[in-house]
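Since every read-out is calculated from the coordinates, none of them should be taken as a lab result. What you see is a predicted model, and the numbers here were worked out from it, not measured in a lab. Note: ideal-geometry Cβ built from the backbone for every residue, glycine included; neighbour counts use all protein chains shown.
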Amino acid sequence: MPVALVTGSSRGIGRAIARQYAADGCDVVLNYNTSERTAEAAVDEVEAATDSEVVAIQANVGDPVAATDLVDEAVDAFGGLDHVVNNAAINEHVYTPDLSPDAFANVLNVNVTGAFTVTKAALPHLQDSAATPGPSVVNVASRLAFDGAAYECHYAASKAAVVGLTRSHAREFAPEIRVNCVAPGYVETDMTDATNDAEDKRERRELIPVGRLGQPEDVAEAAAYLRDAGYVTGETLQVNGGQLMR
Ligand code: NAP
């Protein structure tokens, strides 16, 4: 069975991607930073719904040593690694005059350096993969990489960097490894619940041509497509219900 590592997968979009990859026949390594009980529940949920083996490993992907150890432990758990999804990220709404350089750098560190470090550590294992149609990396960016966002300059900058990282790694690791990106629009998860009330959500829904807010499963389906799309690399797939068309 192919093996997939999905960072930041105790909750939200990462959890849905883990569930999707398991349903598609991958053994899955979940990852979380602080939410151990939620991650344990995610393991139980995915194992109950699929025939896959699932483990959860704690690691802060913003810590290069921990991120590298995460990959090593994933390989130890299943004997190899075929697919990586760099999904873990953080965000908070802050007015730029109130945003310290350290807080700015912390978001860049988790969201970009974390993806870089995990992919770097995974590279030799992906190069050994016999997966069909080849090993893959899927990075998770955001619509805000292209549209920007008031009060989220650090987050939007980090997601634009993820798009650049994707294209660079797609060129560098070709032809053996395909590297792609999904750019979700507004998706209902803890991340958006933390900053948006019911009225915010109603207003956002009106901006979305398909007429509903995104769900984690919408992004998971796109990630699975990119995992299996043998002639697609360096691409960023917008999953935003038509809110941003490019
Ligand atoms: P979420 O609900 O906040 O979940 C974040 C996940 O990442 C959790 O499992 C969390 O685990 C983990 N995580 C956070 N910091 C970590 C770290 N330093 N190391 C390892 N794991 C860490 O987020 P989400 O809404 O599902 O977002 C998932 C991805 O989609 C992110 O890349 C986000 O930027 C992107 N995205 C989301 C939206 C949206 O509207 N929700 C839109 C565009 C893009 P712990 O609880 O243990 O920290």
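Within the chain, which complete DSSP H helices have Cα atoms spanning at least 27 Å along the helix axis and a mean Kyte-Doolittle hydropathy of -0.5 or higher? Membrane-span-like by this rule: 153-173. Peptides 81-93, 150-162, 3-15 ranked from most to least packed give 3-15, 81-93, 150-162, packing being the mean of other C-beta atoms within 10 angstrom over each peptide's residues.
Semi-axis lengths, largest first, of the ellipsoid equivalent to region 128-196 are 29, 14, 7 Å, with √(5λ) applied to each eigenvalue of the Cα gyration tensor.
Both radii are taken from the alpha-carbon atoms of the chain; with Rh as the Kirkwood radius, Rg/Rh is 0.95. The chymotrypsin sites (Phe, Trp or Tyr not before Pro) of region 156-246 that DSSP puts in a loop, and whose beta carbon has at most 15 other beta carbons within 10 Å, are Tyr231.
For the options Leu123, Leu207, Leu108, a Gaussian network treatment of the chain with springs between C-alpha atoms closer than 10 Å singles out Leu207 as fluctuating the most.
Please sort by residue number the GluC sites (Glu not before Pro) in region 163-246 whose DSSP state is loop and whose Cβ has at most 12 other Cβ atoms within 10 Å. When the GluC sites (Glu not before Pro) of region 163-246 are filtered for loop state and at most 12 Cβ neighbours within 10 Å, Glu176 remain.
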